[in-house]
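Written below as structure tokens is the structure these notes are about.
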């Protein structure tokens, strides 16, 4: 039998400074400009710089502004999960919380692998030694996170200062050695402009993502205004830490087609213009940057499942807190154990599954923000975006549009992997809602259960809408977009990537087959809903 759990039971508020909050956020969002090297060689230097300049306004800006507004209005543990719950209800909040958390579990281990790969540039490590280094990193940062937000904040401050100082140095060295235009050529001369944008967009979105992550820690920070303030500081800080070193590096070194994080021209080579000693130093900074992201994400990820468990939508063991530091240690330990296991695997499949999952969170947060402006206009908002509801919609529309477009531009394999990943959200909601009771356990009057389905009223229609939407997107992708966008080169590229000359055709068949399955599931759910749901029920 499910047990009612008081909200945020046992979480302790801490006196955290604005500086510490900004540094933790910087680790969650940026952690340096690593990865942008791939944008340069894939899309051309001019387009890369343009994307880095524009994305803060149409992608990162909406994230930061909406997170600041909703975070100031609803400063609860779980952050974005609670915002979506307030705006759209229990079902959609679970979709956002599950997709974001699972995506983060899959992604976070990559930073350990990257840190050790950078270490391999300095030390000759065999497979066993490399794994032991990964395990040591995971165990150490799991221990730090078990000690609570203050310890995480201290390390984040050190990491952020180190990374920001290093990239400021790169920017200065680059500008001092400026000898050519960093915008020439504008795009890749061997690709169409559309293909060049596609190559840049995914990495640019990744670089400017994570602005909702700090929100999960709101209940543990005494001054509730710090996270909204920190977001407004972080946005220009992260943008400048990408734009200036990249512009300076291209102006000093050029060689845009040779830029790569994997052994090509990189920011370390720019630093080396001031002396050969700075190249290995910069490798050390790269290790610190990846460790900073890993360290910060552990504390953020664990709090989302904690809030879902409070709402009886996840195993109740996840609300257990350590006696010494009041940390949800089951969530922290589960991430550590997962990383110990997952760091031995090739992450290509894991990353493809996580791409669409991550977009779900952002889109639902923006939609929840719109709904709250419409239905709760008088809700206290210590920080309020200074526009009306129509202006709010105009601010978030570019982000929603980019999120949808990116589902296709990431590639057919990423799209197919994401479709499979998406299935887990409504399925796990169904399982957990039946097993643990959901919000009905906490307040049966406010969240009544449909006695015929044992779910909340309208859930069958909501699940049908998810399957129907992605069936539609799948048909567009499988039959129209990917044959047009990747048809000229897809067979060769996917054959090389997956070792099967029919890989591209198999991926397209997989998308189309999955779309038919999703369509069938949507139709079945609609028929069941018409039989078991009341006629007047809201999906959102």
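The values are calculated or read from the model by the stated rules, or taken from the named source; none is laboratory data. Keep in mind that what you see is a predicted model, and the values were worked out from it rather than measured. Virtual Cβ from ideal backbone geometry, glycine too; neighbours counted across all protein chains shown.
Among the numbered criteria (1) part of a helix (DSSP H, G or I); (2) under 17 Å from residue 55 (Cα atoms); (3) touching a helix residue (DSSP H, G or I) at 6+ places or on another chain (Cβ under 7 Å); (4) modelled with pLDDT under 85, which one does residue 238 miss?
(4)
Can you confirm whether residue 230 is within 27 Å of the chain's Cα centre (by Cα) and in a loop (DSSP other than H, G, I, E, B)?
Answer is no for this residue.
Of all residues being buried (at least 19 other Cβ atoms within 10 Å of the Cβ) and either touching a strand residue (DSSP E or B) at 6+ places or on another chain (Cβ under 9 Å) or free of Cβ contacts under 8 Å to residues at least 40 places away in the same chain (or both) in segment 215-234, which is nearest to residue 56 (Cα to Cα)? Just the residue, please.
227
Of the conditions (1) surrounded by fewer than 23 Cβ atoms within 10 Å (Cβ to Cβ); (2) in contact with a helix residue (DSSP H, G or I) (Cβ under 8 Å, 6 or more places away or on another chain); (3) modelled with pLDDT under 90; (4) farther than 30 Å from residue 374 by Cα, residue 7 fails just one. Which one is it?
Of (1) surrounded by fewer than 23 Cβ atoms within 10 Å (Cβ to Cβ); (2) in contact with a helix residue (DSSP H, G or I) (Cβ under 8 Å, 6 or more places away or on another chain); (3) modelled with pLDDT under 90; (4) farther than 30 Å from residue 374 by Cα, only one is false for residue 7: (4).
Looking at segment 397-437, which of its residues are more than 28 Å from residue 509 (Cα to Cα) and within 17 Å of the chain's Cα centre (by Cα)?
Of everything in segment 397-437, just one residue is more than 28 Å from residue 509 (Cα to Cα) and within 17 Å of the chain's Cα centre (by Cα), namely 399.
Hey, residue 529 hits all of (1) surrounded by 13 or more Cβ atoms within 10 Å (Cβ to Cβ); (2) over 30 Å from residue 195 (Cα atoms); (3) at pLDDT below 90 but one; which does it fall short on?
(3)
(1) surrounded by 16 or more Cβ atoms within 10 Å (Cβ to Cβ); (2) modelled with pLDDT under 80; (3) part of a helix (DSSP H, G or I): which one isn't true of residue 340, the others all being true?
(2)
Name, by its number, the condition in (1) surrounded by fewer than 16 Cβ atoms within 10 Å (Cβ to Cβ); (2) farther than 22 Å from residue 60 by Cβ that does not hold for residue 145.
Unmet for residue 145, out of (1) surrounded by fewer than 16 Cβ atoms within 10 Å (Cβ to Cβ); (2) farther than 22 Å from residue 60 by Cβ: (1).
Results for (1) modelled with pLDDT of 90 or more; (2) buried (at least 23 other Cβ atoms within 10 Å of the Cβ), shown as yes or no for each residue.
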{"residue": "2", "(1), (2)": "no, no"}
{"residue": "13", "(1), (2)": "no, no"}
{"residue": "18", "(1), (2)": "no, no"}
{"residue": "30", "(1), (2)": "no, yes"}
{"residue": "45", "(1), (2)": "yes, yes"}
{"residue": "51", "(1), (2)": "yes, yes"}
{"residue": "66", "(1), (2)": "yes, yes"}
{"residue": "75", "(1), (2)": "no, no"}
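Could you please let me know if residue 448 is touching a residue at least 24 places away in the same chain (Cβ under 8 Å), surrounded by fewer than 20 Cβ atoms within 10 Å (Cβ to Cβ), over 25 Å from the mean Cα position of the chain (by Cα) and within 30 Å of residue 309 (Cα to Cα)?
So residue 448 does not fit the description; no.
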